[in-house]
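The values are calculated or read from the model by the stated rules, or taken from the named source; none is laboratory data. Computed from a predicted structure; not experimentally measured. Glycine also receives a Cβ, built like all others from the backbone with ideal geometry; neighbour counts cover every protein chain displayed. The accessibility values were calculated without ligands, DNA or RNA, using every heavy atom of the protein model including side chains. Shrake-Rupley method; radii C 1.70, N 1.55, O 1.52, S 1.80 Å.
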Amino acid sequence: MKDREIDEFVARAVKDAPAVSPALLKRISASIQPSMRPVRPMPPAWLFTTSLVSIAVAVAVAGAARAGLYGVERLTAFERVLIFPALILLLWAAATEFAASMIPGSRRRGRPAVLAAFTSLALMGVFLAVFRDYHATHFVSTGIVCLVAGLAHAIPVALFSWLLLRRGFAVDLVAAGAIAGTLAGLAGIAMLELHCPNFQVLHVLIWHTAVIPVSAAAGALTAWASR
Amino acid sequence: MAPDGNLEILMAAYQGGDFGAATALIEQLSPKLHRFFVGQGASREDADDILQETWLLLHKVRHTYRTGAPVMPWFYGIARHVRVNQYRKTNRVALHEERVETPSELPAPAAETPGATDAIAELLAPLPESQREVIVMLKVAGMSLEEVARATSSTVGSVKQKAHRGYERLRERLTAMGLAQGRRGGLS
């Protein structure tokens with residue numbers, strides 16, 4: 001049997017479908033009539049994206065400035081050029097995806113889990129290319145401090161994303177939560193790169209990058225619970 | 001079928017507070033949305049309810065439509081959201097009922113009662129939900145692969161794969177039906 005023949009079967013089945021009752025259509029029209037008034041359409045997506053990236057950068061810079069910009073001071077110009085533009089690009093990608101999740105029927109580039117995995121792996125690649133210290137001094141104790149600091153700076157960005165989300169409508173709240181978490185996690189990592197002077201490869205690879213999956217999972221869970 | 005450009009103009013007028021445009025949209029799109037719900041296995045009564053709920057939500061979030069964006073993915077994205085919520089609600093109620101009554105006393109779902117389903121629902125019944133919705137959007141609503149991808153928050157590749165697998169299953173089913181009916185003297 002060819003596809004065309006299957007199409008004909010489907011078309012025949014659709015033709016046989018009973019019509020929607022005119023009374024139902026009238027009832028629907030009547031139900032929306034009392035609240036009929038002009039609405040202001042959503043601002044363009046780039047405005048949301050720019051706001052989100054700006055807030056994430058502002059939170060990261062403010063947090064690092066308060067805690068001390070020890071990390072960025074120790075980085076060489078080459079290392080800065082590799083790390084920070086990569087972070088901005090990934091932030092932009094996550095913000096674009098989040099802005100799309102607020103509008104029903106927007107074009108999507110992949111699943112939220114793929115976004116979180118891709119950003120984590122991309123940053124791991126950058127860190128592997130930049131750092132060369134393979135020691136693991138006080139691996140857990142210093143690591144947990146960094147993870148907590150990164151997550152603490154992710155929270156304001158996640159809250160701001162959540163406020164923006166209320167302006168739109170997420171058809172998949174859990175996915176939107178995961179994307180917001182990824183975006184917020186990136187802000188947390190940006191803060192750590194500006195602040196943390198520990199350049200041991202394992203420390204940066206594990207504890208700094210862990211902010212993204214933890215934050216994305218927290219975002220998805222929060223959204224799932226509030227659904 | 002209304003051209004998408006016409007729907008875009010109606011949608012902009014609807015956002016501007018034009019009740020006539022809202023009524024025109026309801027009349028043009030409701031039959032398609034209703035078929036979408038029925039194609040997903042909802043009974044006629046359930047489809048009527050979901051359609052009403054969908055329009056209430058569409059009305060509430062009409063500001064999220066962006067002028068110039070494709071209209072159909074926006075409508076179907078929201079319709080799909082309402083249907084999924086309804087499905088979850090039904091499941092929760094069914095779970096509660098199971099706790100109260102013995103399973104054997106539960107009536108069969110309306111969509112499975114012979115004669116209560118529509119032809120499109122019967123035809124697509126053996127397909128998994130994700131394949132069914134893709135086929136209904138592509139073949140019943142006449143949406144493009146890109147539009148279906150937008151409505152289902154997925155990628156064109158994923159839509160193509162689901163449509164292909166759905167067609168494979170339909171082919172198997174229709175071939176089996178054709179063979180069975182052929183022995184009785186004809187397919188149609």
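Round to the nearest 10 and give me the degree value, 0 to 90, for the angle of helix A:3-15's Cα axis relative to the longest principal axis of chain A.
60 degrees
Give me, ordered by chain and number, the residues 5 or more places off A:ASP133 or on other chains with an amide H under 5 Å from its own placed amide H.
Those qualifying (amide H under 5 Å, at least 5 residues apart or on another chain) are A:VAL201.
Can you give the accessible area per residue of the protein assembly as shown, in Å², using a 1.4 Å probe?
Here the residues of the protein assembly as shown average 48 Å² of exposed surface.
Send over the semi-axes of chain A's equivalent ellipsoid, whole angstrom and largest first, taken as the square roots of 5 times the C-alpha gyration tensor eigenvalues.
In descending order, the three semi-axes are 45, 21, 15 Å.
Just how many % of Cα pairs in the protein assembly as shown lie over 31 Å apart, if you round to the nearest whole percent?
Above the 31 Å cut-off, the protein assembly as shown has 50 percent of its Cα pairs.
Helix A:77-101 against the longest principal axis of chain A: what's the angle in degrees, Cα atoms only, rounded to the nearest 10?
The answer is roughly 20 degrees.
Determine the alpha carbon to alpha carbon distance for each of B:LYS60/B:LYS139; B:LYS32/B:LYS162; B:LYS89/B:LYS160; A:LYS26/B:LYS139; B:LYS32/B:LYS160 and list only those over 25 Å.
As for pairs spanning more than 25 Å Cα to Cα, those are B:LYS60/B:LYS139; B:LYS89/B:LYS160; A:LYS26/B:LYS139.
Sorted by mean Cβ packing within 10 Å, highest first, what order do the peptides B:10-18, B:145-153 take?
Result, highest mean Cβ count within 10 Å first: B:145-153, B:10-18.
Any idea what the relative contact order of the stretch A:45-226 is, in percent, if you count C-alpha pairs under 8 Å spaced at least 6 apart?
That works out to 36 percent.
Give me the inter-chain shielding for B:41-50: mean count of other chain Cβ atoms within 10 Å, whole number please. Numbers along the way, then the final one.
On the way: counts 0, 0, 0, 4, 0, 0, 2, 6, 1, 0.
The shielding value for this peptide is 1.
Ranked from highest to lowest mean number of other Cβ atoms within 10 Å per residue, what is the order of the peptides A:195-201, B:49-55, A:78-84?
Result, highest mean first: B:49-55, A:195-201, A:78-84.
Enter the buried accessible area of the A/B pair, total of both sides, probe 1.4 Å, in Å² rounded to the nearest 100.
Looking at A and B, the buried total is near 4500 Å².
Nearest 10 degrees is fine. How inclined is helix A:112-130 to the longest principal axis of chain A, computing both from alpha carbons?
For helix A:112-130, the angle is close to 20 degrees.
Per residue of A:30-39, how many C-beta atoms from partner chains lie within 10 Å of its own C-beta, taken as a mean? Let's see the in-between values first.
Numbers: counts 1, 4, 11, 4, 0, 3, 7, 3, 6, 11.
Average per residue, whole number: 5.
Ignoring ligands, DNA and RNA, what percent of the accessible area of chain A is carbon or sulfur (1.4 Å)?
The value for chain A is 69 percent carbon and sulfur by accessible area.
For the stretch A:21-144, report the convex hull volume of the alpha-carbon atoms normalised per residue, in Å³, without decimals. Kindly include the intermediate steps, with their values, before the conclusion.
On the way: hull volume 25.4 nm³, N = 124.
Cα convex hull per residue, to the nearest whole number: 205 Å³.
Go through the stretch B:161-166 residue by residue and turn each phi into a ³J(HN,Hα) via Karplus (6.51, -1.76, 1.60, θ = phi - 60°); whole Hz please, and just put x for glycine and proline.
Per residue, the Karplus-derived 3J(HN,Hα) values read 5, 5, 4, 4, 5, x Hz.
Once every DSSP H run of n ≥ 4 in the protein assembly as shown is given -39500 (n - 2.57) and the sum is divided by its residues, what mean residue ellipticity at 222 nm do you get, rounded to the nearest 500 deg cm²/dmol? Intermediate results must be reported in sequence, preceding the final value.
Working: 17 runs with 291 residues, N = 415.
Per the formula, -23500 deg cm²/dmol.
Taking a virtual spin label 7 Å from the Cα of A:SER226 along the C-beta vector, which residues in the stretch A:89-127 bring their backbone nitrogen under 11 Å of it?
Answer for this model: none.
Putting +1 on Lys and Arg Cβ atoms and -1 on Asp and Glu Cβ atoms, find which of A:PHE84, A:MET1, A:LEU183 reaches farthest to the positive end of the dipole of chain A.
A:MET1
Taking 0.36 nm per residue of separation and subtracting the Cα-Cα distance, what length does fully extending B:GLN28 through B:HIS164 add?
Numbers: separation 136, 0.36 × 136 = 48.96 nm, distance 2.88 nm.
Here the segment from B:GLN28 to B:HIS164 would lengthen by 46.1 nm.
Rounded to the nearest percent, how much of the accessible area of the stretch B:1-60 (1.4 Å probe, protein heavy atoms only) is carbon and sulfur?
Answer for the stretch B:1-60: carbon and sulfur cover 54 percent of the accessible area.
Obtain the radius of gyration and the Kirkwood radius of the stretch A:113-227 from its C-alpha atoms and give Rg over Rh.
Reported Rg/Rh, Kirkwood definition of Rh: 1.02.
Could you work out, residue by residue across A:114-121, how many beta carbons of other chains sit within 10 Å of that residue's beta carbon, and then give the average as an integer?
That works out to 0 on average.
Sort B:132-140, A:186-194, A:23-31 by packing, meaning the average of other beta carbons within 10 Å per residue, with the highest value first.
Final packing ranking: A:186-194, B:132-140, A:23-31.
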